[in-house]
Ligand SMILES: [Mg+2]
């Protein structure tokens with residue numbers, strides 16, 4: 001079953017035309033994807049009664065080859081099934097089995113659940129900064145991340161409520177457990193959202209769409225919270241689908257029509273595109289994912305950097321091979337920073353390494369993990385990378401300890417490559433991860449590492465500082481506080497991209 005068959009309103013002739021159109025559109029997109037030039041692949045969108053009408057506006061060469069057609073797809077909306085997720089032996093050999101489940105306006109929904117007087121009212125969690133806004137508040141333009149004062153200007157009746165953090169954790173965990181009743185292949189990416197791959201359990205529980213409906217119904221009935229779910233062939237598309245589904249909806253994207261679905265959406269919906277990237281893309285006239293896909297990859301890379309540009313172009317074509325990884329399989333945590341072309345000197349690499357170490361260890365500590373093997377990656381001007389590792393006798397999760405070990409390793413790399421004067425990327429990865437119920441103090445580390453020793457006052461103070469920072473960030477977000485030496489200027493790639501890249505590790 002594909003998208004057009006979800007509508008019973010078409011006459012038989014129309015249906016045949018539509019089948020043809022869908023096939024043509026798909027083959028054109030495939031040609032384009034293979035790097036073949038298809039001229040003037042432009043979509044013209046009109047709204048007719050209940051449907052979106054798309055015309056393929058092609059030049060004469062392409063028209064001769066394919067003819068000129070149009071496609072009709074059902075209009076999107078809550079509980080809209082854009083096609084279906086039933087396996088259909090489609091030529092890509094893939095079916096839509098990845099769910100992205102995301103609780104709606106999570107913190108605000110929990111507050112409304114806990115206090116019935118807040119239901120139906122515009123509320124925001126936070127104070128100085130809006131951490132979450134109810135849909136009633138969003139109707140006034142209130143958004144998370146917005147200064148509280150601005151939010152009050154937009155919505156006079158806005159009620160700020162304090163955070164019931166223990167309840168967030170409890171209800172977030174409970175919602176993810178509902179997903180785990182269907183499959184062990186769950187990858188939780190934040191307190192209130194997770195991916196699940198249901199490929200292995202459809203014989204037990206029905207199609208991915210059925211599973212998604214059941215999960216939504218159970219979370220609503222058992223926890224009293226609205227959850228939106230996207231179902232698609234890739235993680236990236238499933239996450240986009242869940243955003244399209246909001247509030248309180250389900251969108252299933254049929255692999256046969258996924259590019260039609262994806263390409264008309266705004267780039268801001270893409271995982272990794274924040275306001276800054278969105279604004280940059282707008283400077284080359286790119287506002288939809290389709291426009292991004294059809295832009296010259298070189299111009300996107302020039303604009304956003306090589307790695308980020310490539311990544312986004314791939315995602316715009318729904319090329320996202322990342323599997324759903326359950327937590328048990330996490331083997332390492334890492335982060336990297338593209339620097340452009342910077343001199344290979346302490347003044348450049350120390351703050352960068354500190355920033356990377358901060359990001360990695362904060363994630364490790366949040367998951368009560370620590371790692372024994374530290375690997376640094378240094379990329380030189382000619383894009384050649386060198387790595388160097390050190391395995392410690394005991395695992396670490398402290399920011400300063402990791403930063404200092406990484407510095408030592410980078411110094412070692414540079415000493416071995418005295419002719420290299422420019423670095424273009426630095427990365428740190430921590431592997432051999434172990435669970436640590438209580439974050440331990442850091443181990444002593446050779447002659448220079450004495451001050452990292454567990455018994456010293458310095459080590460105690462550092463561990464306290466790490467935990468204090470973690471607590472503040474847990475409440476107010478990553479950007480709320482930073483170590484003094486982690487220079488903001490060293491970030492040449494937006495944090496959204498880092499988060500995108502780091503989730504993979
Ligand atoms: Mg959410």
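Computed from the coordinates by the stated procedures, all read-outs in this text should not be read as laboratory data. Given the structure is predicted, the values throughout are model-derived calculations rather than measurements. Positions of Cβ are backbone-derived with ideal geometry, glycine not excepted, and every protein chain shown enters the neighbour counts.
Here are the numbers:
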item	result
Inter-label distance, nm, simple model (7 Å from Cα along the C-beta direction), residue 296/residue 417	3.1 nm
Taking 271, 317 and counting other C-beta atoms within 10 Å, the order from fewest to most	317, 271
Which of 135, 107 has the fewest Cβ neighbours within 10 Å, and the rest in rising order	135, 107
Rounded if a/c under 1.5, otherwise prolate or oblate - segment 264-316, Cα gyration tensor axes	rounded
Per-selection Rg to Rh, segment 276-351 - Cα, Kirkwood hydrodynamic radius	1.08
Linear extension gain, residue 117 paired with residue 306, 0.36 nm per residue minus alpha-carbon span	63.0 nm
Cα shape, segment 190-341, gyration tensor, a/c 1.5 rule	prolate
Proxy reagent accessibility, fewest Cβ within 10 Å first, across 373, 352	373, 352
For segment 113-156 versus segment 250-308, the gap between their alpha-carbon centres in whole angstrom	29 Å
Burial order of peptide ranges 204-213, 255-264 (average beta-carbon count within 10 Å, highest first)	255-264, 204-213
Virtual paramagnetic centre 7 Å along Cα→Cβ of residue 284, amide N under 18 Å, in segment 324-365	340
Label-to-label distance, nm, for residues given as residue 159 and residue 322 (7 Å Cα→Cβ offset)	3.8 nm
Residue 139-residue 367 FRET efficiency (beta carbon distance; Förster radius 45 Å; 0.05 resolution)	0.80
Pairwise Cα inverse-distance average, inverted: Kirkwood Rh of segment 78-260 (Å)	16.9 Å
Label-to-label distance, nm, for residues given as residue 269 and residue 199 (7 Å Cα→Cβ offset)	2.4 nm
